[in-house]
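Enquirer: Provided herewith is a single structure, encoded as structure tokens, for subsequent inquiry.
Any read-out appearing in this document is the output of simple, stated calculations on the displayed coordinates, not a laboratory observation. Just so you know, these numbers come straight off a predicted model, no measurement behind them. Here the Cβ positions follow ideal geometry from the backbone for every residue, glycine too, while neighbour counts run over all protein chains shown.
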Amino acid sequence: MLRFAVLGLGFMGRTHLATLAARPQAEIRAVHDSDPQRLTRPLAPGGGNIETGAAGWDESAVRRCQTLEEILNDEDIDAVVVATPSHLHARLSCAALAAGKHVFCEKPMALKLADCDRMLAAAGKAGRTLMIGHCIRFWGEYAAAAEIVRSGRFGRLQLLTMSRRCGVPTFGARGWFTDHKKSGGALLDLHIHDVDYALYLLGPPRSVRARGLRGPSGGYDQVLSWYDYGRAGPVVQLEGGWSAGEDIPFVMSFRMCLERATLVYAMDKRPTLWLYSDSAEELQAPAVSGYEAEMDHFIRCIRSGKPSRVVPPESSRQSVALALAEAQAIRSGRAVEIH
């Protein structure tokens with residue numbers, strides 16, 4: 001049994017709490033939030049931009065810690081989930097690793113590459129597992145598509161387009177999403193999901209081009225990017241951002257054109273995932289959610305003592321580097337080479 005603490009009681013913190021509560025190999029020992037009022041409220045999930053499917057749970061035995069030190073100094077806590085505003089990820093992850101805890105940190109890994117490097121160094125020094133919550137690598141439809149592409153069954157991938165949109169998030173404490181110094185804007189908070197998946201599926205591109213607009217965060221909240229994989233590689237276009245309007249639904253989608261088939265996914269359609277080849281075939285994604293699958297994987301990594309092969313932290317750093325390269329391309333109006 002692994003004993004967990006969760007830092008941050010916003011939408012994702014409460015989602016991870018519900019996920020952990022349903023895992024027989026995990027026990028939730030403590031929670032902490034910098035807002036004292038949140039520590040007095042129910043810990044049930046909800047209030048975000050996507051339906052998680054997580055259920056309520058018995059939270060009566062969970063300690064609600066007023067200070068971070070209470071958790072870091074508790075030798076009975078094995079692992080910490082960092083689900084705070086993004087600008088705090090590096091500081092809190094490094095502190096937990098230094099205290100001997102395994103760390104699951106929400107995406108993005110950090111807002112600066114120097115902070116990503118600090119986290120990698122802290123994990124190496126502590127000899128503990130560090131994993132970043134890039135849930136799309138585990139999301140049923142995305143995982144199923146990756147398996148088909150990698151199998152080579154329908155030839156090589158020729159074109160990949162992905163889109164991810166929602167309204168401007170208003171559910172973050174003290175409006176942190178709409179402060180790019182804390183969230184990185186939609187570029188690093190939302191769009192990075194597709195940046196990371198493209199990296200996972202195809203590896204790093206040769207170069208990146210991008211167009212973008214600044215929005216409510218003061219950062220890039222509308223992004224359209226193109227990844228160059230060379231003449232023999234696929235055409236890749238990623239689009240995403242925060243759209244104006246209170247009732248704009250969260251939507252994500254992709255189209256993958258292979259030599260002998262096309263995969264189409266749209267979360268707001270039913271069925272969500274289709275394979276078009278000699279005929280149209282509805283594909284069934286695993287029933288387990290991406291949040292559940294990534295947490296199960298994290299627990300297995302801790303128990304085995306082996307680093308994640310699905311989402312190694314070095315790859316999460318690379319995702320941040322690609323997103324920052326997109327920002328550079330937007331500012332310069334030129335392609336940015338990826339080294």
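Enquirer: Using per-residue counts of other Cβ atoms within 10 Å, averaged over each peptide, order 238-250, 205-217 from highest down.
Expert: 205-217, 238-250
Enquirer: Which pairs break 23 Å Cα to Cα here: Lys101/Lys306; Lys112/Lys182; Lys125/Lys181; Lys181/Lys306; Lys182/Lys269; Lys182/Lys306?
Expert: Lys125/Lys181; Lys181/Lys306; Lys182/Lys269; Lys182/Lys306
Enquirer: Taking the square root of 5 times each eigenvalue of the Cα gyration tensor, what semi-axes in Å does the equivalent ellipsoid of segment 156-298 have, largest first?
Expert: 28, 20, 15
Enquirer: May I have the extent of the alpha carbons of segment 115-206 along their three principal axes, as whole Å values ordered from largest to smallest?
Expert: Here the Cα extents, ordered largest to smallest, are 48, 40, 28 Å.
Enquirer: Highest mean first, what order results for 264-274, 181-191 on Cβ atoms within 10 Å?
Expert: Averaged packing, sorted descending, gives the order 181-191, 264-274.
Enquirer: Would you kindly give the portion of the calculated P(r) for segment 71-122 that falls above 14 Å, as a percent of all Cα pairs?
Expert: Cα-Cα pairs in segment 71-122 separated by more than 14 Å: 44 percent.
Enquirer: Expressed as a rounded percentage, what relative contact order does segment 187-339 have, with Cα pairs under 8 Å and six or more residues apart?
Expert: It comes to 28 percent, rounded to a whole number.
Enquirer: Provide Rg and Dmax in Å for segment 82-237, with only Cα atoms included in the calculation.
Expert: Rg and Dmax of segment 82-237, Cα atoms, are 17.1, 49 Å.
Enquirer: Karplus couplings for segment 23-30 from phi (6.51 cos²θ - 1.76 cosθ + 1.60, θ = phi - 60°), rounded to Hz, Gly and Pro as x?
Expert: With the stated coefficients, segment 23-30 comes to 9, x, 8, 10, 10, 8, 9, 7 Hz.
Enquirer: Under 20 °C and 1.002 mPa s, how fast does segment 252-301 diffuse according to Stokes-Einstein, given a Kirkwood radius computed over C-alpha pairs? Answer in µm²/s, whole number.
Expert: 171
Enquirer: Tell me which residues come under 5 Å, amide H to amide H, from Gly133 once H is placed; ignore anything under 5 positions away on its chain.
Expert: Amide H neighbours of Gly133, under 5 Å, 5+ apart: Cys105, Glu106, Lys107.
Enquirer: Right, next: Which percent of Cα-Cα pairs in the chain sits in each 10 Å bin, short to long?
Expert: Going from the shortest bin to the longest, the percentages are 6, 26, 34, 25, 8, 1, 0.
Enquirer: Moving on. Using only alpha carbon pairs under 8 Å that are at least six residues apart, calculate the relative contact order of the chain and give it in whole percent.
Expert: Over the chain, the number comes to 18 percent.
Enquirer: Whole-Hz ³J(HN,Hα) for each residue in segment 59-76, computed from phi via Karplus 6.51 cos²θ - 1.76 cosθ + 1.60 with θ = phi - 60°, x for glycine and proline: what do you get?
Expert: 9, 5, 8, 7, 6, 9, 8, 6, 10, 5, 4, 4, 7, 5, 8, 7, 6, 7
Enquirer: If you line up the Cα atoms of segment 213-283 on their principal axes, what length do they span on each, largest first, in Å?
Expert: So the three principal-axis extents are 47, 35, 10 Å.
Enquirer: Then there's this: Please list, ordered by chain and number, the residues whose modelled amide H lies under 5 Å from the amide H of Ile28; skip anything fewer than 5 residues away on the same chain.
Expert: Phe4
Enquirer: Given the C-alpha centroids of segment 253-315 and segment 90-132, what is the distance between them in whole angstrom?
Expert: Using only Cα atoms to place each centre, the spacing works out to 26 Å.
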